[in-house]
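Notes for the one structure printed next.
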Amino acid sequence: GAVVSQHPSRVICKSGTSVKIECRSLDFQATTMFWYRQFPKQSLMLMATSNEGSKATYEQGVEKDKFLINHASLTLSTLTVTSAHPEDSSFYICSARDMGQGTSEQYFGPGTRLTVT
Amino acid sequence: AQSVTQPDIHITVSEGASLELRCNYSYGATPYLFWYVQSPGQGLQLLLKYFSGDTLVQGIKGFEAEFKRSQSSFNLRKPSVHWSDAAEYFCAVGADSGYSTLTFGKGTMLLVSP
């Protein structure tokens with residue numbers, strides 16, 4: 001149980017275009033999902049916390065107009081990178097918290113490798 | 001604010017030898033502690049977690065970790081390392097409210113030599 005999927009696993013886009021990444025909890029409901037960004041050989045940096053039915057909470061320094069997050073259902077959150085630039089190339093990982101548990105435990109997706117050319 | 005320190009950026013261990021990866025945390029209340037493993041280009045897999053109770057916790061793949069409150073540590077151990085254990089290991093801490101975020105350490109890259 002507690003499986004989180006991400007789609008796509010890899011995406012290459014041209015500079016100036018937008019890319020949407022999906023994060024789904026497959027076998028549980030997640031009121032809260034998290035989006036992380038990971039640079040090569042670095043730790044995960046939390047970008048935003050996404051709560052179902054409400055606006056996402058962005059970490060300091062993360063542009064909310066550039067990284068649009070939508071959490072329209074209890075099993076799906078999307079991250080859209082708008083007007084992507086090469087510096088947005090990174091590994092994006094989502095996680096979801098099982099609403100049935102009152103703990104910090106998060107289940108992570110396999111990640112999406114974004115390359116902007 | 002909570003923080004996690006993994007003092008070793010890289011560790012090289014011979015296959016079959018024992019392993020200990022260090023993790024120190026800073027948190028004012030009772031922490032929820034996690035160890036994750038990440039293979040290249042992959043997401044994070046949970047190895048084990050500590051919420052309460054027995055301070056020695058067993059995880060998957062033969063890993064264990066010991067919570068030592070007096071030392072604010074949660075070190076990961078394995079008695080005999082396999083070549084397939086080569087990966088990046090992250091320690092993380094979260095609060096017990098259920099609504100907090102996780103704070104990750106910078107990770108330790110484990111290299112396994114033949």
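The values are calculated or read from the model by the stated rules, or taken from the named source; none is laboratory data. Here the structure is a predicted model, which means the values were calculated and not measured. Heads up, the Cβs are rebuilt from the backbone with ideal geometry, glycines too, and the neighbour counts pull from every protein chain shown. Quick note on the areas: whole protein, heavy atoms, side chains included, nothing else; ligands and nucleic acids left out. Shrake-Rupley method; radii C 1.70, N 1.55, O 1.52, S 1.80 Å.
Provide a single number: the residues in segment A:6-18 that are within 12 Å of the chain's Cα centre (by Cα) and surrounded by 16 or more Cβ atoms within 10 Å (Cβ to Cβ).
1
For B:Ser80, state whether it is touching a residue at least 40 places away in the same chain (Cβ under 8 Å) and part of a loop (DSSP other than H, G, I, E, B).
yes
Residue by residue through segment A:27-43, note down the ones that are within 14 Å of chain B (Cβ to nearest Cβ) and either among the aliphatic types (A, V, I, L, M) or open to solvent by less than 70 Å² (accessible area, probe 1.4 Å) (or both).
The answer is A:Ala30, A:Thr31, A:Thr32, A:Met33, A:Phe34, A:Trp35, A:Tyr36, A:Arg37, A:Gln38, A:Ser43.
Quick one: would you say B:Glu20 is open to solvent by 60 Å² or more (accessible area, probe 1.4 Å), farther than 30 Å from A:Arg113 by Cβ and either in contact with a helix residue (DSSP H, G or I) (Cβ under 6 Å, 6 or more places away or on another chain) or outside any loop (DSSP other than H, G, I, E, B) (or both)?
So B:Glu20 fits the description; yes.
Rundown of residues vs (1) acidic (Asp, Glu); (2) under 22 Å from A:Leu44 (Cα atoms), yes/no style:
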| site | (1), (2) |
| --- | --- |
| B:Glu15 | yes, no |
| B:Gln58 | no, no |
| B:Phe67 | no, no |
| B:Tyr89 | no, yes |
| B:Val112 | no, no |
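List the number of the failed condition for B:His82; all other conditions in (1) open to solvent by 20 Å² or more (accessible area, probe 1.4 Å); (2) at pLDDT 95 or above; (3) closer than 23 Å to A:Thr112 by Cα hold.
(3)
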